[in-house]
Amino acid sequence: MGARRRAARDGDRQIDTAHLLHTLLEADPAARGAFPGGPAQVARLLGYLVQRTIGYGLRWSGTVEDSGRLPALTGGTMPGWSPAAAGAMREAYARAHARGAGRVHGTDLLAALVRDPRCRAVDVLQRAGVDAGLLAACVDGACVDGALMDAGNHSECG
């Protein structure tokens, strides 16, 4: 609902992945906690997302977000959602289902968002200095105290 309100307030025809990311960061402490750069990185990211409302996202105004990651859907689309956002929601559900959970967690959605390198959410992440690949690893539990676990070795996170 938060992403829907944000899209309407921004004058956007569809909920896109940046709307989902913004709402997720505001509403879910676990999603915020997944960021390897901690609260400072999340604050910077939220700053970029707020800028979208006041002009950053104008280049997206009137366009449909379609990252090309998923084939174009017919009949099964989610009205009012961009193809990329609808795909992220389906992927989040599949991730929750695969782990045997009855509900989707915010980290499921975050994982789905960061795995689509051409979606608007990843564009915002990159502009805020967040490495989406590293964030994906952290969401999957491969980061410990801001370090990426790689075959027993730690390499510092950005």
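The values are calculated or read from the model by the stated rules, or taken from the named source; none is laboratory data. The structure presented is a predicted model; accordingly, all values stated were derived computationally and were not measured. When we count neighbours, we look across all protein chains shown, and the Cβ atoms used for this are built from the backbone with ideal geometry, even at glycine.
Residues in the stretch 118-142 that are under 24 Å from His97 (Cβ atoms), out of contact with any strand residue (DSSP E or B) (no Cβ under 9 Å at 6 or more places or on another chain) and either among the polar types (S, T, N, Q) or in contact (Cβ under 8 Å) with a residue 40 or more places away in the chain (or both): Cys119, Ala121, Val122, Val139.
Filter the stretch 1-39 down to the residues that are assigned to a loop (DSSP other than H, G, I, E, B) and basic (Lys, Arg) and list them by number. Result: Arg13, single match.
For the stretch 35-51, the set of residues classified as touching a residue at least 40 places away in the same chain (Cβ under 8 Å) and closer than 23 Å to Trp81 by Cβ consists of Leu45, Tyr48, Leu49, listed by residue number.
Leu113 satisfies every condition listed in (1) under 18 Å from Asp28 (Cβ atoms); (2) surrounded by 14 or more Cβ atoms within 10 Å (Cβ to Cβ); (3) out of contact with any Cys (no Cβ under 7 Å at 6 or more places or on another chain) except (3).
Of everything in the stretch 1-32 that is small (Gly, Ala, Ser) and surrounded by fewer than 19 Cβ atoms within 10 Å (Cβ to Cβ), the residue that is modelled with the lowest pLDDT is Gly11. Whenever a residue of the stretch 84-98 is in contact (Cβ under 8 Å) with a residue 24 or more places away in the chain and of a type in the set (A, V, I, L, M, F, W, C), its partners that are assigned to a helix (DSSP H, G or I) and crowded, with 21+ Cβ neighbours inside 10 Å, lying with C-beta atoms within less than 7 angstrom and at least six residues away or across chains, give the pairs Ala84/Thr17; Ala85/Thr17; Ala85/Leu20; Ala88/Thr17; Ala88/Leu20; Ala88/Leu109; Ala88/Ala112; Ala88/Leu113.
Within the stretch 131-146, being surrounded by fewer than 22 Cβ atoms within 10 Å (Cβ to Cβ) and either part of a loop (DSSP other than H, G, I, E, B) or out of contact with any Gly (no Cβ under 9 Å at 6 or more places or on another chain) (or both) holds for Asp131, Ala132, Gly133, Ala136, Ala137, Asp140, Gly141, Ala142, Cys143, Val144, Asp145, Gly146. Beta carbons closer than 6 Å, at least 6 apart along the sequence or on distinct chains, pair a first residue in the stretch 3-29 that is within 16 Å of Ala111 (Cα to Cα) with a second that is not in a helix (DSSP H, G or I) for Asp16/Glu65; Asp16/Ser82; Thr17/Cys119. It is to be established whether one or more residues within the stretch 57-75 are touching a Phe, Trp or Tyr at 6+ places or on another chain (Cβ under 7 Å) and either at pLDDT 90 or above or assigned to a loop (DSSP other than H, G, I, E, B) (or both). Within the stretch 57-75, not a single residue is touching a Phe, Trp or Tyr at 6+ places or on another chain (Cβ under 7 Å) and either at pLDDT 90 or above or assigned to a loop (DSSP other than H, G, I, E, B) (or both).
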